[in-house]
Amino acid sequence: MMKRLRIFYMRMTGLSIPWKASRTYTAFLYWLWSRIYDLTISWDPAYRANAGRMTQKVVTPGDRVLDVGVGTGLLAEYASKIAGDYVGIDYSGAMLAKAAGKISAMKLQNVSLRWGDAVHLNIEDGTFDAVVSSFMLPHFSKPERAEVIMEMARVLKPSGRIGLFLAQGEVAPLFCLKAELLDYLSSAGFDQIDIEDCDDVYRIITAVKA
Ligand SMILES: C[S@@+](CC[C@H](N)C(=O)[O-])C[C@H]1O[C@@H](n2cnc3c(N)ncnc32)[C@H](O)[C@@H]1O
């Protein structure tokens, strides 16, 4: 039953994101969705649990961490407890406002938030130990997904770690197939690529910048 619900939810989520959505559409979608976003990610405890597990796989104590598509700050809740410094970037002002409220309520003093676009991060090369991102890649066309992963590689220090949390493209078509992920990551210069499928629909991807 839970498996069917998860698959249904991921396929429905996919319908809200048209192929190659414009940035205006993304901003509008999350202006609307931000009001109930945390409820929609809370019905399945596996979403939060696996997001937390992904951060634990790539974030080590004292790291400078970048979260691309920070949303309402889900990954920050877990990773900021380990990281030295945590920077969250998002295109949606409404999602950033929700994240800011939570971060201040939780007194997470090492977290800062910025508006930005994942395709052109306004960040210097080689400045982060780890880059994490959860459920953001589906917002891009395939060529843009490759660019986003390249940007993530650019801002990582040598031997920096990437951690992605997504649904399985083989189950819900909007998301990335295994072969696609391997292609993006190896083309961007990552190795030690590990793809772990968990809880019916979820996928944790980790890799290291060569
Ligand atoms: C499904 S939400 C995921 C939020 C959070 N990471 C989580 O797992 O709960 C996707 C997020 O990606 C952000 N996003 C979409 N396109 C973006 C872009 N071009 N640059 C930065 N963030 C973007 C959205 O605004 C939204 O907050």
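Is it the case that the range 156-176 has a residue that's in a helix (DSSP H, G or I) and modelled with pLDDT of 95 or more? It would help to see each step written out before you state the result.
Going residue by residue through the range 156-176, those that are in a helix (DSSP H, G or I) are none.
Within the range 156-176, not a single residue is in a helix (DSSP H, G or I) and modelled with pLDDT of 95 or more.
Checking the stated criteria, Leu29 turns out to be open to solvent by less than 60 Å² (accessible area, probe 1.4 Å) and assigned to a helix (DSSP H, G or I). Quick check on Ala153: is it away from the ligand (no atom under 13 Å from the Cβ) and surrounded by fewer than 18 Cβ atoms within 10 Å (Cβ to Cβ)? Here the answer is no, as Ala153 does not meet what is asked.
Yes/no per residue for (1) in contact with a Cys (Cβ under 7 Å, 6 or more places away or on another chain); (2) touching a residue at least 60 places away in the same chain (Cβ under 8 Å); (3) over 17 Å from Val65 (Cα atoms):
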position: Ile82; (1), (2), (3): no, no, no
position: Met95; (1), (2), (3): no, yes, yes
position: Lys98; (1), (2), (3): no, yes, yes
position: Ile103; (1), (2), (3): no, no, no
position: Val155; (1), (2), (3): no, yes, no
position: Phe175; (1), (2), (3): no, yes, yes
position: Glu180; (1), (2), (3): no, no, yes
position: Tyr184; (1), (2), (3): no, no, yes
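Given the structure, is Ser112 within 19 Å of Leu182 (Cβ to Cβ), of a type in the set (Gly, Ala, Ser) and part of a strand (DSSP E or B)? Judged against the criteria, Ser112 is not a match.
Scan the range 87-129 for residues that are in contact with a Leu (Cβ under 8 Å, 6 or more places away or on another chain) and on the phi > 0 side of the Ramachandran plot and the total you get is 1.
Taking Tyr78 as the residue in question, decide whether it is open to solvent by 50 Å² or more (accessible area, probe 1.4 Å), of a type outside the set (A, V, I, L, M, F, W, C) and farther than 27 Å from Asp200 by Cα. No: the conditions fail for Tyr78.
Looking across the range 68-95 at every residue that is over 14 Å from Phe165 (Cα atoms) and among the hydrophobic types (A, V, I, L, M, F, W, C), the one that is farthest from the ligand (Cβ to nearest atom) is identified as Ile82.
Of Ala130, Ala146, all but one fail to be open to solvent by less than 10 Å² (accessible area, probe 1.4 Å) and away from the ligand (no atom under 13 Å from the Cβ); the exception is Ala130.
Candidates Lys20, Lys107, Lys98, Lys102: the one that is more than 24 Å from Ile195 (Cα to Cα), within 10 Å of the ligand (Cβ to nearest atom) and either modelled with pLDDT of 95 or more or not polar (S, T, N, Q) (or both) is Lys98.
Going through (1) farther than 21 Å from Lys107 by Cβ; (2) within 11 Å of the ligand (Cβ to nearest atom); (3) of a type outside the set (D, E, K, R); (4) touching a strand residue (DSSP E or B) at 6+ places or on another chain (Cβ under 9 Å) one by one, Trp33 falls short only on (4). Is it the case that some residue within the range 48-59 is modelled with pLDDT of 95 or more, under 23 Å from Tyr9 (Cβ atoms), open to solvent by less than 10 Å² (accessible area, probe 1.4 Å) and outside any helix (DSSP H, G or I)? Scanning the range 48-59, I find no residue that is modelled with pLDDT of 95 or more, under 23 Å from Tyr9 (Cβ atoms), open to solvent by less than 10 Å² (accessible area, probe 1.4 Å) and outside any helix (DSSP H, G or I), so the answer is no. One residue alone among Gly62, Gly52 is closer than 23 Å to Ala153 by Cα, over 15 Å from the mean Cα position of the chain (by Cα) and more than 9 Å from the ligand (Cβ to nearest atom), and that residue is Gly62. Of all residues in the range 123-149, those satisfying the criterion of being in a loop (DSSP other than H, G, I, E, B) and at pLDDT 95 or above are Ile123, Glu124, Asp125, Gly126, Thr127, Phe135, Met136. Is there a residue in the range 194-202 that is under 19 Å from Leu74 (Cα atoms), open to solvent by less than 70 Å² (accessible area, probe 1.4 Å), part of a strand (DSSP E or B) and not polar (S, T, N, Q)? For the range 194-202, residues under 19 Å from Leu74 (Cα atoms), open to solvent by less than 70 Å² (accessible area, probe 1.4 Å), part of a strand (DSSP E or B) and not polar (S, T, N, Q): present.
The values are calculated or read from the model by the stated rules, or taken from the named source; none is laboratory data. Computed from a predicted model, the values in this text were never measured in an experiment. Cβ sites come from the backbone with ideal geometry, for glycine too, and all protein chains shown count toward neighbours. To get the accessible areas, we keep the full protein, side chains included, count just its heavy atoms, and leave off ligands, DNA and RNA. Shrake-Rupley method; radii C 1.70, N 1.55, O 1.52, S 1.80 Å.
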